[in-house]
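This report concerns only the one structure given below.
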Amino acid sequence: MEDVIIKIKGMMCAHCEKTVSQAALSVRGVTKARADFNKGELKASFDTSATDLETIKKAIAASGYEVMDEGEACPLPVKKLKPEIKEVHKGTGMNKASFKITGMTCASCAANIEKALNKKDGVKNASVNFSFEKASVEYDSGIVSQSELEEVIISLGYGVAKSEIVLKIGGMHCASCALNIETALRKENGIVSATVSFPLEQARIMYDPELIPVQDMIKIVKSVGYTASEKLEKFEADREQRAREAEIKTQRLNLIIAVTLAIPISLGDMGRNLGWAFVPGFLMNDYLLFILATIVMLFPGRQFFEGTYKGLRHGVTDMNLLIATGTGAAYIISVAATFLDLGAAYRHTYYDTAALLIMFIVLGRYLEALTKGRTSEAIRKLMGLAAKTARIVVDGEEKEIPVEDVKVNDIVVVRPGEKIPVDGGVIEGLTAVDESMITGESIPVEKTVGAELIGATMNKTGMIKFRATKVGADTALAQIIKLVEDAQTKKAPIQKLADIVAGHFILAVHVLALLTFFFWFFIGFEYFDVPVTFGMGTMSPFLFSLLISITVLIISCPCAVGLATPIAIMVGTGKGAENGILIKGGEVLEKAQKLDTVVFDKTGTLTKGEPELTDVIAVKGTENEVLRLAAIAEKGSEHPLGEAILKGAKARGLDVPDAQEFRAIPGRGVEVKYSGRKVMIGTRKLMIENGMDIVPLNGKLELLEYEGKTAMLVSCDNEITGIVAVADTLKVGSKEAVDQLHTMGFSVAMITGDNRRTADAVAKQAGIDKVLSEVLPEEKASEIKKLQIEGRKVAMVGDGINDAPALMQSDVGIAIGSGTDVAIESAQIVLIKNDVNDVAKAIRLSKLTLGKIKQNLFWAFFYNSVGIPIAMGILYPFTNPPYLINPALAAAAMAASSVTVTMNTLLMKRIKLKR
Amino acid sequence: MERKPLYSVLASLATSICIVILFYVLALQKLGSNPEAYIPVDMYAGMVYVFVLSMIVSASIWPGIIEKIMKR
């Protein structure tokens, strides 16, 4: 055995690592091979009696990567390197963590948390998505722990939702047993709460998975004399749903209280000020109004003051501060007017202003909580797709177990109408599977032995047995969920502007409120002769200026600005996921707008990727006789062309008996004996060497070759009987996809390693403008680069395996595949269905989403830039009677603005991504 | 860096007091020139409101400035 390190050029990602490792492992005698793209090397162990270094290098070179020359690729004893490698890894421990955050009320909260996390030592990058209520943190676990990051969030006044699990408990006899288990669990570090139900025989535990794994909790229960097992599901989706429902419930209760009290307060306060005779006298009583308004401030209004207090304690400001300042000022001045004699100008109270402000803002929060849930519907739907249980075969018997307990290689039984629990390969049975929930393809796909199954899809017709290949977080569904979640947390560059504005918004609004107060107190009140022009009789300049200043605070809405981008990305990527289009974040959306060229990989992307019988020309006998002879000759061959001919013959229902004396002639063809006759299939050369005249058939052969087909001559007893041709044919829909892109104004190119003639033929069929042929896999990226140097913005569409470098080089890499990890890693857009038509759909969705972001930003900025000046009283000199926004109306407008942004985004869900 | 919060509070208080004094001086003039419209309650209530708003503004600005100064 020998260990070597081979230096390799051209590896760019984990996919390259995999390809190179597999290429090395494909060499007989290689026992271990591990490539590292960061280091540009492959470590391999091989049996020197079975192979040598050169063979391994050739295998790697054949996979499309460049092996560096002898001087650079010297065999090194790996053992010597081991201690160094260990040391390198010792100090670094980059980890990623995500936290579900509770208590955020606007985009400023997200910005505050993000700022605090990024300041923490050891944090490389932290990103907080307000709409998704999620923080993603990349951190060095050697410097900072996950619990410390949690502390940062909590210290800012927000919460971190913990994981929750339900354990099935056995052996309980009475309620005290439940209490014992609860006590034992609660003692443990990492367990936030534990509730054990004796009648249900279950324990619901809220815990920190970082501090205590589920198995340890089971051990604790067992240690106090009971049994425990993981029950059914981990409530990821349910947890979010419950948190959302709790928020809706709280805001609904707040709204009911606010509305119930704000109506009599308004009637009383306004009735007295405006002299409404229909209002009962007792409602106008200052003390009653004070009591009612105090209840509004203490219950529905408390959240704003609490939020302000928590924020200020940590030096951060948010939306709550604006509301608290506005409502607090109105309330305090009213209380002062109620209990103190401040003079004639201070007889008015503003309890109605405070109550109505809170009522409208709570209404806004309630509507926001309702609509926000709908924006993340897609991800919840995806989470809800997962099967809860699986039926596996243990010792020949079927046993139902929680889906989390299924292991790789378990044999799973699925009956018609049941969900396929995990990914796997069929080993028995025939069925049709509805994969629409994952791929968006509505027609059920037939599955038989050897076919791959995607977990969470629906088995429709037959019972099947399959072997689990991917479970837990490795399943296609889990990867899709992770990808969509990641995408929804990533920010689009356009959001930077919104973030800058939202980050300084609260400060700017307070400055404006202060300036407005100064202006109206010292200049405006006298200059515009407010007591006369506004028609309020005795009017205090302070109260007048205060009300305008409060209106400025209340009407300003940073929420709309902060929500505009993330909410559109969330709905857009969610809609994509529902249609089998996975978009990796906001940056892709922007890049997709600028594209002008789409480059398709040929094999496997535009074409089916495997040859198919296309033509049979009979010279002697019938077409079927020629095809039958060709199939008989190729039956023993493992060559893809031979397989295509055999498949073609079977498709025509021809009987293909076995032949004798199979002989493959390298570079020529095949020769067999059948019923005592010599049957040959192969090139012109094979026939000429066997003394046959091919001149009369040259024209037909050339025509087929011109069409990009591989033509083979068939002979029987040295007499040519006909021609068969095979070709890698276009996929159904490829031409339509290219046409669609042309209609959208794109220039469409095709890139392939095939010769010019074959490439041109396929391009002609598909209607492609530009052909890049005879391009080696490692040259694909440089061809894309050439197009980019010409000033084009290029999208590369490939199957994500040998196109990885080109996918990465392009402005937008689009991988077509079944959502494999390789495709997901290399590309920025992943089309789960194997359908090239989705390229146009993906670009259309990107445009739609970015369009929605722009619309949202426009409305948010428009609202604030129009609303704030009006609130400041800019219309006062130009209108008769002078116009000022009532603070309550400002609160209603503010609440409406963020709801409008959300509703406008939700409209996107109704748009169909037509072909 | 440990004293950053203290310096921030002191700077914010100083700024707010300056603004309130400015308001007070201007308000005194108003009280003198237009005693029918302006009364002392307006001035005192205004001073409280101005103090609250200017504290919010200056408490948002000063910590960043002090951090920059202390880093130098």
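Numbers for the structure displayed
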item: Reachable lysines, given that their alpha-carbon falls under 19 Å from the alpha-carbon of A:LYS685 and they are not under 8 places away in the same chain; result: A:LYS700, A:LYS709
item: For B:TRP62, A:TRP276, A:TRP520, order by how many other beta-carbon atoms lie within 10 Å, fewest first; result: A:TRP276, B:TRP62, A:TRP520
item: Chain A: angle of helix A:302-313 to the longest principal axis, Cα-based, in degrees nearest 10; result: 80
item: Unit charges on C-beta of K, R, D, E only; dipole of the protein assembly as shown, Debye; result: 1160
item: Cα pair distances in region A:561-612, grouped into 5 Å bins until the bin that holds the longest one, percent each; result: 4, 15, 16, 19, 17, 13, 7, 5, 2, 1, 1, 0
item: Histogram of C-alpha separations across chain A, 10 Å bin width, %; result: 2, 9, 15, 18, 18, 13, 10, 7, 4, 2, 1, 0, 0
item: Cα long-axis angle, helix A:541-555 against chain A (0 to 90 degrees, to the nearest 10); result: 20
item: Cα pair distances exceeding 17 angstrom across region A:260-370, given as percent; result: 55
item: Helix A:756-766 vs. chain A, principal-axis angle (Cα, 0 to 90°, nearest 10); result: 50
item: Protection-proxy order for peptides A:571-580, A:850-859, each taking the mean of Cβ atoms within 10 Å per residue, highest first; result: A:571-580, A:850-859
item: Residues A:VAL762, B:VAL41, A:VAL561 arranged by fewest to most Cβ contacts within 10 Å; result: B:VAL41, A:VAL762, A:VAL561
item: Computed over region B:13-71, the ratio Rg/Rh where both radii use C-alpha atoms and Rh is Kirkwood; result: 1.18
item: Amide proton proximity set for A:GLU41, modelled H, under 5 Å, gap of 5+; result: A:ILE8, A:ASP36
item: For region A:608-740, the spread of Cα positions along each principal axis, largest first, Å; result: 55, 31, 28
item: Two-site label geometry, A:ASN125 and A:LEU906: point separation in nm, points 7 Å out along Cα→Cβ; result: 3.3
item: Per-bin percent of Cα-Cα distances, region A:846-887 [10 Å]; result: 27, 33, 21, 15, 4
item: Extension reserve of the A:LYS249-A:ASN624 stretch, reckoned as 0.36 nm per residue once the Cα distance is removed; result: 127.7 nm
item: Residues B:SER60, A:SER675, sorted so that the one with the fewest Cβ neighbours within 10 Å comes first; result: A:SER675, B:SER60
item: Proximal lysines to A:LYS249, defined as alpha-carbon separation beneath 27 angstrom and excluding residues fewer than eight positions away on the same chain; result: A:LYS100, A:LYS134, A:LYS162, A:LYS234, A:LYS310, A:LYS372, A:LYS381, A:LYS909
item: Rg/Rh for region A:714-763, where both radii come from Cα atoms and Rh is the Kirkwood radius; result: 1.23
item: Radius of gyration and maximum dimension Dmax of region A:302-432, Cα, Å; result: 29.8, 93
item: Contact order relative to length of chain A, as percent, for alpha carbon pairs under 8 angstrom and 6 or more apart; result: 10
item: Charge context of A:THR250, other residues only, Cβ under 12 angstrom, K/R +1, D/E -1; result: +3
item: Test item: A:515-526 mean partner chain Cβ contacts at 10 Å; result: 3
item: Cβ-based net charge around A:PHE746, under 13 Å, with every Lys or Arg adding one and every Asp or Glu removing one; result: +2
item: Cα centroid separation - region A:500-528 against region A:437-483, whole Å; result: 60
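We did not get these values from a lab; they are worked out from the coordinates using the rules stated. Computed from a predicted structure; not experimentally measured. Here Cβ is always computed from backbone atoms with ideal geometry, including for glycine, and neighbour counts include all displayed protein chains.
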